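Every number here is computed from the coordinates shown, using simple stated rules; none is lab data. Just so we're clear, the structure is a prediction, and the values are computed from it rather than from any experiment. Here the Cβ positions follow ideal geometry from the backbone for every residue, glycine too, while neighbour counts run over all protein chains shown.
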C-alpha cells in the first residue's frame, strides 16, 4: 500500500524551511531561556478525537435508480495503488462487471501513488476527463468538496433501499470523512501507527506488563538501554529503548498521547503546553540515550533486540513476523497504542471513496459500486491482502482463521476504540508534511530538549500561512 503518511513529492515555498528553523535555533541558543506559554486547560478537539457516532437511521427517501439507463453505463475509477493492491482491485472490478445486476461497467486506472493521484485528479476537474470515483485521502476529499466538485454522500448512505447500515462501521473510520453535516467520502482503507514491544525481552528485564503510561514507557526504554551497557559488546552501547521514528503520524500520535494535537477550535495550534511537553519528553529520551536513531533496518533491529520498541503501521506486521523467523527469534512481540496514562491512543488514517460530480445516473452507478466494495466479502478480501483494519465490525465473523494466524493484527483491531481522527480539514494535506519535516529536523540537528518550543513556534507560524 502506498502509505498515506509518506511525504508527497511536491515543491511548495510555504513548506517549512529547515534553514529558517536552524536560524531560529541558533538565535535561541544565545538567550538564557526560551519563554513558553503558561499551562492552560486545552479544550477537547472534535476534529482530533473520535467524534460522536453519526446516526445509523435509514432515510425514507429512495434513490431513483433507472436500471435501463444503468445498463452498459461506464464509470471510471482512479486508484493510488500498484502491485498487490492494484491487482486485487482489478480482480474485484472484473467480478463486479461480470456479476452486477444493473450491467454497470467499471473501468479502472492506477495513478501509482497518492501524490500523483491528487495532482492528476485536481488537473482533470475543469475538464470532461475527470473520473467518476477516486480513491483518495480524506483531506483530498475535503478540498474537492470545499471546491464544489465532490458530492455529499449522505443521501446515498442513508437511502432506504440502496444505503448502508452505518452502525456496522467503526465510528473512527466513518467520521474522518465528515465535513460539517456533509459526508465527503466513505472509508476505503484504514490503518494506524503503533508501538511494537518485545514482551519476552521486557520480561527478562524485569517488566511483567506493557507500558500504560509515559513514565512506564520511559522506564522500560531506559532499562533496555542500560542492559546494553552491561554486556561485553561495546558496539551496541547506543542501542536499546525506543528506535526513533519521525513520520508525521508518529509525531501526531505522540502529541495526542500527551493531550495535545494540531488543532484548537478548528484552527492549527502547535504552541501549546501539551505539545511542548511531548517534544521535550522525546528529546530528553534521546538525551538519556533511552531512544536512538539511524538504524538501517528498524525491523531487523527490533528482531535482534537492539530496540525494545519500534514504531510501524499495520501493513508492516507481516514483515516483522518474517524477519523474526529469519533470524531465528522466538521472542513474543505485541502491538501497543501510544501510552497516555489511560488506555492509550493512536491516530487512524487511510484512503476513502470519493465521488466526483457528473450526472445522476453516473453518480448512482458509482455509489452502487462503492456499496458492493464495502460488502463484508470484499472487506474480508481487502484485509487478507493488505493486512489493514476491517471497515465493518461484522466482517470479523469472516476472519476467524485470519485472526488465529495473525495475532498482532487482532491486537491492533482490539485497539480500534483508542483510535483518534486526524484534522478534518483540506489543509491537513500540507500541514502534515510540515509536521513530519519539523519533527525529523528536530532530531537531525539534535535540538536540546529545553529549546523544542522554537520548532513548535515555527510550525504554528507555517501552519497559519499554509492554511490561509
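Structure above, values below:
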| quantity | calculated |
| --- | --- |
| Radius, Kirkwood style, for region 162-292 when every pair of distinct Cα atoms is counted (Å) | 17.7 Å |
| DSSP beta bridges in the chain [antiparallel fraction, %, rounded to 5] | 65 percent |
| Extension gain, residue 91 back to residue 334 (0.36 nm per residue minus Cα-Cα distance, nm) | 84.2 nm |
| Rotationally averaged projected area of region 365-457 (alpha carbon convex hull; nm²) | 9.6 nm² |
| Rh (Kirkwood; distinct C-alpha pairs) - region 276-373, Å | 17.6 Å |
| Rule-of-thumb Rg ratio for region 307-431 [Cα; 2.2 N^0.38 Å; N residues] | 1.29 |
| Theoretical FRET efficiency, 1/(1+(r/R0)^6), r = Cβ-Cβ of residue 168 and residue 219, R0 45 Å, to 0.05 | 0.65 |
| Ranked list, fewest to most other Cβ atoms within 10 Å of each Cβ, for 290, 222 | 222, 290 |
| For region 88-245, the spread of Cα positions along each principal axis, largest first, Å | 69, 35, 34 |
| Angle between the chain longest axis and helix 248-257 axis [Cα atoms, degrees, rounded to 10] | 70 degrees |
| Extent along principal axes [Cα atoms of region 144-219; Å; largest to smallest] | 57, 29, 17 |
| Residue exposure sequence - 271, 186 - by fewest surrounding Cβ within 10 Å | 271, 186 |
| Per-pair calculated FRET efficiency, R0 = 30 Å: residue 393 and residue 341 via Cβ, rounded to 0.05 | 0.60 |
| Where labels lie 7 Å past Cα in the beta-carbon direction, separation of residue 83 and residue 360 in nm | 4.5 nm |
| The chain, helix-only ellipticity at 222 nm - DSSP H runs n ≥ 4, -39,500 (n - 2.57), divided by all residues, nearest 500 | -12500 deg cm²/dmol |
| C-alpha long axis of helix 83-99 to longest principal axis of the chain, angle in ° | 20 degrees |
| P(r), alpha carbons of region 219-334 - 5 Å bins starting at zero, rounded % | 2, 11, 18, 20, 18, 13, 9, 5, 2, 1, 0 |
| Crossing angle, helix 428-444 versus the chain [Cα axis fit, 0-90 degrees, rounded to tens] | 20 degrees |
| Likely footprinting exposure, 322, 130, 183, 330, fewest C-beta neighbours within 10 Å first | 330, 322, 130, 183 |
| Estimated FRET transfer efficiency when R0 is 45 angstrom, pair residue 404-residue 128 (beta carbons, to 0.05) | 0.35 |
| Region 441-468 versus region 328-392: alpha-carbon centroid distance in Å | 32 Å |
| Computed over the chain: relative contact order in percent, which uses C-alpha pairs under 8 Å that are six or more apart | 26 percent |
